[in-house]
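Peer 1: Right, I'll just put the structure down here and ask away after.
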Amino acid sequence: MFPYKTSLKLNKSLKEPLYLQLANQFILLIREGKLPPGTKLVGSRTLAGLLLVHRKTVVACYEELLLQGWVESVPKKGTFVNKNLPLVQKVTLVNTIKTSKSKSAGYGFYENNHLLEKKTEKKEGVIYINDGTSDTRLTPTEEIARIYRKIASKKSIYTFLDYNSTHGNIKLREVLATYLNSSRGLKVTKENILITRGSQMGMWLSTQLLLKENDVIIVGETNYSSADITFQYQKAQIKRVSVDENGIVVEQIERICKKQPIKAVYVTSHHHHPTTVTLSAQRRIHLLNLAQKHNFAIIEDDYDYDFNYNHAPILPLASHDTSGNVIYIGSVCKTVAPVFRIGYLVASEDLVNEAAKLRGYVDRQGDALLELTFAEFIKSGDLDRHIRKLMKIYLQRRDLFCNFLKKEFGDYFQFKVPKGGMAIWVQLNKQYSWNEVAKEARKHQLEIGEWQRYDLANKKHNSIRIGFASYSNEEIKMLFERLKLTFDGIKKSAY
């Protein structure tokens, strides 16, 4: 007889009813071929006695299996595994742990070598160098939660719980239009705004609409790696131009335009990612004139507009665009916290409508309650107050970070104090490599990260971007203590 007593285990402490636990185990045994089609199951009284449960539990289990089609009941003969079930092909697994899914798919699918895996698991006690993220501990969670509760408690809230426009919540679009017009000099209405799940979605939607295979897009020699990968995924042809202290070199873009048609230029005008330099006003106007003359789009990724320490921010390209050439992308994720996936794409009305149609097939609509919350958060002035608070804290952290770099690591790094943003562009002395630094740093619980992504053009500039905003003063000191141990270890191993 089949060893029911040792094969079936019930746990009364689980929330799942006993009869379902039993039924699920029977199904697994049938699927594994341990109870083949046509096998007679032991009677309900007998099984109840073996498992020390009430007979009604076994009867309910058999009824569930019958309803699902795993077994069939034959009057006066008993309950049998359904003889019409196809035999499951047996695969011998050696030294494996049972899981619901195997590591390898049982079918073919398309892989893409351009896409990078986003690793988010972090180990306790390790300091991770980032490329300029906000300090989530400063997130105004109480204010946001208060607004969210207030909105969710309204009697009319049910109207926002159904399917709505793929453009995003209309109130947030109206509030953003007013906010962007006043703070960034734009001249837009809600019809020019599409709400996204962060700036990356805006970039992806723009790329889908602008680029086909072999279409040309121009980027900087140093560029935001996620943007490069997005364009490569679309099989676009990427052409790179230099970036200097005044941003992307527009004169080189003009020379390319004279030789061949281009579809778009991607810029992080304020501040360039990764080098942190600001695109000069002169080059902004030059680039806009080129776009109008040669009919290409400018994807302006303004991820870092809010943080400027030395002067008022230069207005974005989009504020001077009179011919509909600029697609302006931004978000509140960097400013408030990455978990709040609220971004925006600002462009001509026809492109926004087309992007909204496309967005509907990858993300039917956003989070209406969260969008309403941020509409109120912006309208009430809470966002501006939060930015002013962060400016003071991040400025102090920038200065502390740069002082450590200058006084204690002058032999190892060259850098310029950034005028804004949340990161520093640091060049490592050519006698060292980031590979050996990363390897030694790991011994001291310091993770450098994917330093290779800062040189996708293979220019061997030996530089990476190091964020400062997300660390407290104490954490900054600890980071540099571990960095000192790292270089001490490198020098020691060299002797």
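The values are calculated or read from the model by the stated rules, or taken from the named source; none is laboratory data. All values derive from a computational prediction rather than experimental measurement. Don't worry about glycine lacking a Cβ; one is built from the backbone with ideal geometry, like all the others, and counts go over all protein chains shown. Just so you know, the surface numbers come from the protein's heavy atoms only, side chains and all, with ligands and any DNA or RNA stripped out. Shrake-Rupley method; radii C 1.70, N 1.55, O 1.52, S 1.80 Å.
Peer 1: Give the calculated FRET efficiency between residue 170 and residue 114 to the nearest 0.05, with a Förster radius of 30 Å applied to their Cβ-Cβ distance.
Peer 2: The computed FRET efficiency comes out at 0.25.
Peer 1: Over the range 2-79, what is the mean sequence separation of C-alpha contacts under 8 Å (at least six apart), divided by residue count, expressed as relative contact order in percent?
Peer 2: RCO, the range 2-79: 31 percent.
Peer 1: Label residue 494 and residue 322 with points 7 Å out from Cα along Cα→Cβ: what is the distance between them in nm?
Peer 2: Taking the two extended label points, one gets 5.7 nm.
Peer 1: Let me ask something additional. First check a/c for the range 124-277, with a ≥ b ≥ c the square roots of the eigenvalues of its C-alpha gyration tensor; if it is under 1.5, answer rounded, and if not, answer prolate when a/b is larger than b/c or oblate otherwise.
Peer 2: Note, shape of the range 124-277 comes out prolate.
Peer 1: Would you please put 121-132, 424-435 in order of how densely packed they are, using the mean number of other Cβ atoms within 10 angstrom per residue and starting with the highest?
Peer 2: Final packing ranking: 424-435, 121-132.
Peer 1: Could you estimate the translational diffusion coefficient of the chain from the Stokes-Einstein equation, with Rh from the Kirkwood formula over C-alpha pairs, at 10 °C and 1.306 mPa s, in whole µm²/s?
Peer 2: So the translational diffusion coefficient is about 59 µm²/s.
Peer 1: Okay, moving on. Shape call for the range 2-79 from the C-alpha gyration tensor, a ≥ b ≥ c root eigenvalues: rounded (a/c under 1.5), prolate (a/b greater than b/c) or oblate?
Peer 2: rounded
Peer 1: The range 1-32: which trypsin sites (Lys or Arg not before Pro) are DSSP loop and have at most 16 other beta-carbon atoms within 10 angstrom?
Peer 2: Those satisfying the criteria are 9, 12, 15.
Peer 1: Quick one: compute the contact order of the range 259-335, relative version, from alpha carbon pairs under 8 angstrom and 6+ residues apart, as a percent.
Peer 2: 35 percent
Peer 1: Out of 391, 437, 57, whose Cα points farthest toward the positive end of the dipole of the chain (charges: +1 Lys, Arg; -1 Asp, Glu; placed on Cβ)?
Peer 2: The listed residue farthest towards the positive side: 57.
Peer 1: For the range 191-260, what ratio Rg/Rh do Cα atoms give with a Kirkwood hydrodynamic radius?
Peer 2: Reported Rg/Rh, Kirkwood definition of Rh: 1.01.
Peer 1: To check my understanding: the extent here is largest minus smallest coordinate of the Cα atoms along each principal axis. What are those three numbers for the range 138-379, in Å, largest first?
Peer 2: Projected onto the principal axes, the Cα atoms of the range 138-379 cover 61, 41, 30 Å.
Peer 1: Calculate one ³J(HN,Hα) per residue across the range 402-415 by plugging θ = phi - 60° into the Karplus curve 6.51 cos²θ - 1.76 cosθ + 1.60, and present them in order as whole Hz with x for glycine and proline.
Peer 2: Result, rounded to whole Hz: 5, 5, 4, 4, 6, 7, 10, 10, x, 6, 9, 10, 10, 6.
Peer 1: A further question follows. At residue 137 and residue 82, where each label point lies 7 Å from the Cα along Cα→Cβ, what is the point-to-point distance in nanometres?
Peer 2: 5.7 nm
Peer 1: Just name one of 356, 277, 296: the one whose Cα is farthest towards the positive end of the charge dipole of the chain (beta-carbon charges, Lys/Arg +1, Asp/Glu -1).
Peer 2: Result: 356, furthest along the dipole toward the positive end.
Peer 1: Quick check on the range 336-495: take the gyration tensor over C-alpha atoms, sort the square-rooted eigenvalues as a ≥ b ≥ c, and tell me if it's rounded (a/c under 1.5), prolate or oblate.
Peer 2: Prolate, because a/c is 1.5 or more and a/b exceeds b/c.
Peer 1: Continuing with this model, one more query. Note down the magnitude of the dipole of the chain about its Cα centre, charges +1 on Lys and Arg C-beta and -1 on Asp and Glu C-beta and zero elsewhere, to the nearest 20 debye.
Peer 2: On the way: 73 positive and 51 negative charges, 384 e Å.
Using only the charged Cβ atoms, the result is roughly 1840 debye.
Peer 1: Further question on the same structure: Taking a cut-off of 16 Å between Cα atoms, list the lysines near residue 56, but don't count ones fewer than 8 places away on the same chain.
Peer 2: By straight Cα distance, residue 56 reaches 12.
Peer 1: Using r as the Cβ-Cβ distance of residue 452 and residue 411, and R0 as 25 Å, what FRET efficiency do you calculate, to the nearest 0.05? Intermediate results must be reported in sequence, preceding the final value.
Peer 2: Numbers: r = 24 Å, r/R0 = 0.96.
So, using R0 = 25 Å, E works out to roughly 0.55.
Peer 1: Can you list the residues, at least 5 places off or on another chain, whose amide H is less than 5 Å from the amide H of residue 424, using H built in the peptide plane?
Peer 2: Sorted by chain and number, the residues that satisfy this are 466, 467, 468.
Peer 1: How big, on average over all directions, is the shadow cast by the Cα convex hull of the range 310-387, in nm²?
Peer 2: Reported value for the Cα convex hull: 6.8 nm².
Peer 1: With θ set to phi - 60° and the Karplus curve 6.51 cos²θ - 1.76 cosθ + 1.60, what are the ³J(HN,Hα) couplings of the range 35-45 in order, to the nearest whole Hz, using x for Gly and Pro?
Peer 2: Ordered by residue, 3J(HN,Hα) equals 10, x, x, x, 5, 7, 8, 5, x, 5, 5 Hz.
Peer 1: List the residues whose amide H sits under 5 Å from the amide H of residue 444, counting only those 5 or more places along or on another chain, with H placed 1.01 Å from N in the peptide plane.
Peer 2: So residue 444 has HN proximity to no qualifying residue.
Peer 1: Show that you can apply the helix-only estimate: for the chain, add -39,500 (n - 2.57) for every DSSP H stretch of four or more residues, divide by all residues, and state [θ] at 222 nm to the nearest 500.
Peer 2: Numbers: 15 runs with 193 residues, N = 495.
-12500 deg cm²/dmol, from helical runs alone.
Peer 1: Keeping every protein chain present and rolling a 1.4 Å probe, give me the accessible area per residue for the range 2-79 in Å². Write out the running numbers ahead of the final one.
Peer 2: Values: 4770 Å² over 78 residues.
Ligands and nucleic acids excluded, the result is 61 Å² per residue.
Peer 1: Given points 7 Å out from each Cα along the Cα-Cβ axis, report the residue 159 to residue 54 separation in nanometres with one decimal.
Peer 2: Calculated label separation equals 5.0 nm.
Peer 1: By per-residue mean of other Cβ atoms within 10 Å, what is the highest-first order of 214-223, 231-240? The partial results should precede the final answer.
Peer 2: Numbers: 214-223: 21.1, 231-240: 17.0.
So the peptides 214-223, 231-240, ranked by packing, come out 214-223, 231-240.
Peer 1: Can you work out the Karplus-derived ³J(HN,Hα) for every residue in the range 375-383? Use 6.51 cos²θ - 1.76 cosθ + 1.60 with θ = phi - 60°, whole Hz, and x for glycine or proline.
Peer 2: Couplings: 4, 6, 4, 6, 4, 6, x, 4, 5 Hz.
Peer 1: Towards the positive end of the charge dipole of the chain, with charges on Cβ (+1 Lys, Arg; -1 Asp, Glu), say which of 48, 487, 468 has the farthest Cα.
Peer 2: Towards the positive end, the residue furthest out is 48.
Peer 1: Could you compute the FRET efficiency for residue 427 and residue 237, with r as their C-beta to C-beta distance and R0 at 22 Å, rounded to 0.05? Don't skip to the answer; put the middle values down first.
Peer 2: Numbers: r = 29 Å, r/R0 = 1.33.
That pair, residue 427 with residue 237, gives E of 0.15.
Peer 1: In debye to the nearest 20, how big a dipole does the range 2-79 give about its Cα centre with +1 on each Lys and Arg Cβ and -1 on each Asp and Glu Cβ?
Peer 2: That gives a dipole near 300 debye.
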